[in-house]
Amino acid sequence: MDPELPGVNIVDLGMVDEIAMDEQGLRVTLIPTFLGCPALELIGSQVKTALNDIGPTEVQWSIHHEWSSERITDEGRQALLLWGVAPPSQRSDSVTCPFCGSSKTRSLSQFGRTLCQQLYYCESCSQPFDRFKRI
Ligand SMILES: [Zn+2]
C-alpha cells in the first residue's frame, strides 16, 4: 500500500517496474511517482517486509523508466476514487468530483496533501478534494 494513499497499492499505481529472482533472492525495481517523494524510503522498506517470507529482498529505484499517470491501472483509479482522490484525467482536462461525479470543479491550489496531488473544490457538492496530478 502507498503510505500516503492507504487502500491504493503500488502495483496498481504502476510503481513496480520489474521483479527478478536468483540465488541471492528477490530484486524489486520500483519507479518513483515523484523523485524526492518523502514516502520512497518507507515504500522500499515495506516492500522488503512484505516479501521477507519469500526470500531476502533488495529494492532498487529505476533509473531507466519514468513514471507517468498513464501507468495507473483501472483498479488503481477506482481505489483512488474510493479514497476520495480524483484520478488523473485520461483525455480532457476536466476534473471529476470523486464524491458526486460532477465536473463543475475548480482548482484551489497546485498543492494537495502530498506532492503528487493538487487541491480542488466541487461547486456541486461543496466538497474540497485532492486530484492526483497528471504527468
Ligand atoms: Zn461533488
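The values are calculated or read from the model by the stated rules, or taken from the named source; none is laboratory data. Given the structure is predicted, the values throughout are model-derived calculations rather than measurements. A quick note on method: Cβ atoms are made from the backbone with ideal geometry, for glycine too, and the neighbour counts reach across all protein chains shown. The protein model used for the area step is the full one, side chains on, heavy atoms only, and it has no ligands, DNA or RNA in it. Shrake-Rupley method; radii C 1.70, N 1.55, O 1.52, S 1.80 Å.
Descriptive notes on the structure:
- Spans of strands (runs of 3 or more DSSP E) in segment 16-135 with at least 1 residues within 16 Å of the ligand (Cβ to nearest atom) and open to solvent by 60 Å² or more (accessible area, probe 1.4 Å): 105-109, 128-132
- Extreme residue, surrounded by the fewest Cβ atoms within 10 Å (Cβ to Cβ), among residues of segment 2-13 that are touching a Gly at 6+ places or on another chain (Cβ under 8 Å) and under 19 Å from GLN118 (Cβ atoms): VAL8
- Long-range neighbours under 6 Å by Cβ, at least six apart or interchain, first residue closer than 18 Å to ASP74 by Cα within segment 114-135, second of a type in the set (Phe, Trp, Tyr) and within 12 Å of the ligand (Cβ to nearest atom): ARG131/TYR120
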